[in-house]
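The values are calculated or read from the model by the stated rules, or taken from the named source; none is laboratory data. Predicted, not measured: the structure shown is a model, and the values here were computed from it. We place every Cβ from the backbone using ideal geometry, glycine too, and count neighbours over all the protein chains shown. We work out accessible area using only protein heavy atoms, side chains counted, and drop any ligands, DNA or RNA first. Shrake-Rupley method; radii C 1.70, N 1.55, O 1.52, S 1.80 Å.
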Amino acid sequence: MQELDFAFAPVSKSILAERWEKLQEETMRFCVTHVRNQLLEIRTNSSIPSVLLEKLKLTGWFGLLIPKHYGGLGGDCLARVINVEHVTRECPDLGAILQIAQLGTGSILEFGSEKQKQKWLPAMVWGDRICTIAITEEHSGSHVNGMNTFYKETAGGYILNGSKCFIGNCSIANLHVVYARKKGTDRLSAFIVEGERAGVDNTEAHNHQGLKAFPFGRLHLRNVFVPRENILGPKGDGLRLAYYVIGHHGRPSLTALALGIHLRILDIAFSFARGRKLYGKPISELPDVRNKIFDVYMRYEQSRQVAYDAAHRMSIGQNSAYRHLAMAKFLSGDHVCHSANIAAEIFGARVGLPEFEIAQLTLDAMMTRPPSGTGDVQKMRIMDDFFNMSGRDPKTST
């Protein structure tokens, strides 16, 4: 891996981020102290060392969004974006673990009863409980209402059967927010399912090439009993819950992941161009190389400004945040993939060598686009909101 110095690729400060400057500094300090010297091992072994995961838990960042009266850090959406972005800048796989954990947390935070919040949120702060959100299935994808995980009512609760795929943090999680459909209807419900319940299997991993150390896999549910008190939100209202959590927690988290990968691409391209000599001079003095770095830098800055603005809007409770978060998700994913391709040209024949990372970062970047809605889905959501926005409350509307 290249030696990086965060003095490389200096980024302009954002006025919006000033209130979270201390968090950003703490995040960068944690990364330099605990993550940087393990990146080669992570990339080589395609796994996150358990010791590093435990250190991440001790930061309390899994509970960044959880209010202080539940033991959390009381952060907001912008804090989450900054935190995930800078963890990802050092290690995309670790950033992916942190960002996806926010979806399970957000589900209970937004729609849990007070009793459920008191039971589960304190355990999430320090990672004693890592929670997934289990929506995606093999044949339904972004068509949430087409899922084939079913539930039926039984004495004292519900029985769940089905399989979910592309579940982030699957193998390290011990709590799952599972969305299922009542057979014969199109009504979805959400359930809090403990990992230790009989019939829950989270051991099957996906063999993915992007974010290779990220625990990404399938969740199988075979006659899993869920007590009545574990239903999340009103029964039959799961579609609204799913759309809200995807829109207001999934999109900013994926946006932050894309920003962090983008910033790492900028870092390594800048560093390589400064260090690579041709005809006795750094290639950073060549106009075409500078033009490419300009392209990467400007796309990163555009993505970041839109992302921070959208996160700020959500933090202060603006209804328009829904549309802006979708725009931020679309733009950050589109721009990071474009920048990866541009940066690859700077490396020339070295592009495929693992020590230069750019090929791996290109695959990592691609992993930010499909979750929480593909680019086409984002366009559809943005235009639906654009033409139908009438002061509605997004938390009570799909």
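Under 18 Å Cα to Cα from K277, which aspartates and glutamates show up? Leave out anything in the same chain fewer than 8 places away.
Reachable aspartates and glutamates: E3, D267, E285, D288, E345, E355.
Can you classify the stretch 191-331 as rounded, prolate or oblate using the Cα gyration tensor, where a ≥ b ≥ c are the square roots of its eigenvalues, rounded means a/c under 1.5, and otherwise it's prolate if a/b beats b/c and oblate if not?
Since a/c reaches 1.5 but b/c is at least a/b, the shape of the stretch 191-331 is classed as oblate.
With each pseudo-label sitting 7 Å past Cα toward Cβ, what's the E110-S50 distance in nm, one decimal?
3.4
Once label points are set 7 Å from the Cα along Cα→Cβ at both S320 and F225, what is their separation, rounded to one decimal in nm?
Result: 5.2 nm between the two label points.
In the stretch 55-177, if the dipole is taken from +1 on Lys/Arg beta carbons and -1 on Asp/Glu beta carbons about the Cα centre, which of G63, T149, V81 is farthest to the positive end?
G63
Just grab the label-to-label distance for R29 and L286, each label 7 Å out from Cα along the Cβ direction, in nm (one decimal).
My value for the distance between the label points is 4.1 nm.
Counting only C-alpha contacts under 8 Å and six or more residues apart, can you give the relative contact order of the stretch 96-138 as a whole percent?
47
Which one, N341, W126, H34, projects farthest toward the positive side of the charge dipole computed for the chain from Cβ point charges (K/R +1, D/E -1)?
Most positive-ward Cα: W126.
Let's see if you can work this out: charge +1 on each Lys and Arg Cβ, -1 on each Asp and Glu Cβ, no other charges. What is the dipole magnitude of the chain about its Cα centre, in debye to the nearest 20?
560
May I ask you to give the average projected area over all directions of the convex hull of the Cα atoms of the stretch 163-270, in nm² rounded to one decimal?
8.2
Out of S189, H220, V51, whose Cα points farthest toward the positive end of the dipole of the chain (charges: +1 Lys, Arg; -1 Asp, Glu; placed on Cβ)?
Ranked along the dipole, the leading option is S189.
For the chain, find the longest principal axis of its Cα atoms and tell me its angle to the long axis of helix 77-90, 0 to 90°, nearest 10.
50
Can you sort R290, R181 by 1.4 Å-probe accessible area, starting with the largest?
R290, R181
Please identify which residues in the stretch 299-334 have an amide N closer than 11 Å to a label point set 7 Å out from the Cα of R19, following the Cα→Cβ vector.
The answer is 312-317.
Out of all DSSP beta bridges with both ends in the chain, state the antiparallel percent to the nearest 5.
About 85 percent, rounded to the nearest 5.
Just to verify a number: FRET efficiency for H338 and H69, C-beta to C-beta distance, R0 = 56 Å, to 0.05?
For R0 = 56 Å, the calculated efficiency reads 0.80.
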